[in-house]
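J.: Handing you this structure, nothing more for now.
Throughout, read-outs are computed from the coordinates displayed, never taken from laboratory work. Predicted model only: the values in this text are computed from it and were never measured. Every residue, glycine as well, gets a Cβ built from its backbone with ideal geometry; the counts of neighbours run over all protein chains shown.
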Amino acid sequence: MEERFVIPRRFRNTSLIFISIGVLAFLAGLFGLHGDVGVKRFWSVLVFDSLFFLYISAASLFLYCAASLAQASWHIAYKRVIEAIMVNIPVFAIIAFIVLMAVLIGHKYFIYPWTDPQVLAHDTIVAGKTPFLNVKLFVIFTVIIMLGWSLLSLKLRQISLQEDRAERGVRRFLWKTIFFSAVFIAFYAVTISVSSWHWLMSIAARWYSTMYGWYVFAGSFISLMAIISLFVIAIKNSGQLSLVNKEHLHDLGKFIFAFSIFWTYIWFAQYFLLWYGNIPLESQYFRPQLWGHYRFWFLLDLVINFAVPFLLLMTRDAKRNYTTVTIIALIVFFGHWLDFYLMVMPTVLPTQGVVGWYEIGITLGFVGLMIGLVSRALSRAPLYPVNHPYLKEAIIHKSDWG
């Protein structure tokens, strides 16, 4: 039962190639993107990419904790994949922290206009938000949120590994996991909104949405389910994860399908209320996306994040087909990366709408880093939580509905 993960050569090679592309893109952007547009593009891409992968890692911890609180067994067969993603929160948190602090220290007012004294002096709306939107509070919340997510992810990973070394049948580690899961869920419920307001929504400082925290959560959670699906299928195809079968794949397909509908509901509720109200202060957020240079990406975002998974994952057979789930997972991952792109770029560069070499290169670098980190974490523990009380239930798990 104690199956160990051996990193396939293609995992290692893909990781190194993608990281190299990312480093080259960063250096090319650092020395090649000049002028007002170039500098804005350079920093905006770093901001949304670093936050995108941090939110995915945090969503993995949320999934781990939610399933633990429910005392679920459906995920136990690939629980170590979820752990391997969540345990890398500290790495992506450090990267995102460095990027955000560089933006603040470098006075990149085009990212966060509420840090610009000239804006505060002439814009009463932005100035009225300074009790929340100020550098001191931004840094304090960022440190607390990133540190909290990181420490809880490492603590839960530590408990999981301790359980492997304990006697079979011991349940104290299960109760420890449930306790710390409850702590994280309460912490995450607040910090997912606070972080999204500070890190992303405040880029459009005059605009706001009461559904923004839910929107960020939905997008990051679906991206997570796509990544888990891709890792599980890739590891399965390499001859490992022998306990995983189509029953488990079916669950992953259902999550992608269901949360794509949930994301669409949040997207529509946010968009429709702003469109129907037609208040200039609120509707201006969507103008570059609907009638400007981002119109193509805006429409594509909706199609591939809703129409594609809804139509292609509707049937039971589709959710149990490895090839279909792989293709849909890749499409959905790109779609929600594009969604994060649209959260930042139309505000910072409303007349550009470019997805070019720099955007693709930086993203591939982050993808390569995630592949490498997850592979490394998987290789450091058995592929299955050998002493988990619900492992047997996971082996005989059936997913016959939906």
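J.: Pairing the Cα long axis of helix 322-348 with the longest principal axis of the chain, what angle in degrees results, from 0 to 90 and rounded to the nearest 10?
T.: Relative to the chain, helix 322-348 is tipped by roughly 20 degrees.
J.: Related question: For Asn13 and Ser379, what does the FRET efficiency come to when R0 = 25 Å and r is the distance between their Cβ atoms, rounded to the nearest 0.05?
T.: The value I calculate is 0.95.
J.: How far, in nm, would the chain grow between Ile94 and His107 when pulled straight, counting 0.36 nm per residue and subtracting the alpha carbon separation?
T.: On the way: separation 13, 0.36 × 13 = 4.68 nm, distance 1.98 nm.
Using 0.36 nm per residue and subtracting the Cα-Cα distance, I get 2.7 nm.
J.: Considering all projection directions equally, how large on average is the shadow of the alpha-carbon convex hull of the range 1-57, in square nanometres?
T.: 5.5
J.: Also, I was wondering about something else. When the chain is modelled as a GNM with alpha-carbon springs shorter than 10 Å, which of Ile327, Ile203, Ile235 fluctuates the most?
T.: Ile327
J.: Determine, for the chain, the count of lysine pairs separated by eight or more sequence positions (or lying on different chains) whose alpha-carbon distance falls under 13 Å.
T.: Number of lysine pairs found: 7.
J.: With θ set to phi - 60° and the Karplus curve 6.51 cos²θ - 1.76 cosθ + 1.60, what are the ³J(HN,Hα) couplings of the range 250-264 in order, to the nearest whole Hz, using x for Gly and Pro?
T.: 4, 4, 4, x, 5, 5, 4, 4, 5, 7, 5, 5, 4, 4, 5
J.: Using the beta-carbon distance between Ile140 and Val303 and R0 = 41 Å, what value does 1/(1 + (r/R0)^6) give for FRET efficiency, to the nearest 0.05?
T.: The formula returns an efficiency of 0.55 here.
J.: In addition: Using packing as a proxy for protection, rank 119-130, 356-367, 337-348 so that the peptide with the highest average count of other Cβ atoms within 10 Å comes first.
T.: 337-348, 356-367, 119-130
J.: Which one of Leu61, Leu273, Leu300 has the biggest mean-square fluctuation once the chain is modelled by GNM with Cα springs under 10 Å?
T.: Judging by the Gaussian network model, the answer is Leu273.
J.: Out of [x] 44, 27, 18; [y] 47, 21, 19; [z] 36, 23, 21, which label holds the value of semi-axes √(5λ) of the Cα gyration tensor in Å that was computed here?
T.: Computing semi-axes √(5λ) of the Cα gyration tensor in Å and matching it to [x] 44, 27, 18; [y] 47, 21, 19; [z] 36, 23, 21 gives [z].
J.: Output wanted: per-residue J couplings in Hz (rounded whole) for the range 45-57, from phi through Karplus 6.51 cos²θ - 1.76 cosθ + 1.60, θ = phi - 60°, x for Gly and Pro.
T.: Rounded to whole hertz, the list is 5, 4, 5, 6, 5, 5, 6, 4, 6, 5, 5, 5, 5.
J.: Taking 45 Å as R0, compute the FRET efficiency from the Cβ-Cβ separation of Gln118 and Glu3 and round it to 0.05.
T.: Working: r = 60 Å, r/R0 = 1.34.
FRET efficiency, Gln118 to Glu3: 0.15.
J.: Which net charge results when you count Lys and Arg as +1 and Asp and Glu as -1 among the other residues whose beta-carbon is under 11 Å from that of Trp337?
T.: Net charge around Trp337: -4.
J.: Read phi for every residue in the range 19-30 and hand back ³J(HN,Hα) as whole Hz from Karplus 6.51 cos²θ - 1.76 cosθ + 1.60, θ = phi - 60°, with x for Gly and Pro.
T.: Working through the residues one at a time gives 5, 4, 4, x, 5, 5, 5, 4, 5, 5, x, 4 Hz.
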